[in-house]
Amino acid sequence: MTLCPIAIAVGCKKCPAFTVCPVKGVIGDYKEPDGAKPKQQADEASCDK
């Protein structure tokens, strides 16, 4: 659910604070791309080999 008034009006990516917003995925409409993995998970996967 989008609660941020800027995300409702124009979307997260058009917000001037997009790069520094810590809650864009919580109260905004930002979704991570499907191919993106958090760095910690990628590091753990390479260590398992």
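The values are calculated or read from the model by the stated rules, or taken from the named source; none is laboratory data. Here the structure is a predicted model, which is why all the values come from computation and not from measurement. Counting neighbours? That spans all protein chains shown, and the Cβs are built from the backbone with ideal geometry, glycine included.
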message: Looking only at the stretch 22-36, count every residue that is among the small types (Gly, Ala, Ser), touching a Leu at 6+ places or on another chain (Cβ under 9 Å) and free of Cβ contacts under 8 Å to residues at least 24 places away in the same chain and tell me the total.
response: 0
field: Top-ranked residue of the chain - restricted to ones that are at pLDDT below 85, surrounded by 10 or more Cβ atoms within 10 Å (Cβ to Cβ) and outside any loop (DSSP other than H, G, I, E, B), ranked as nearest to the chain's Cα centre (by Cα)
entry: Ala42
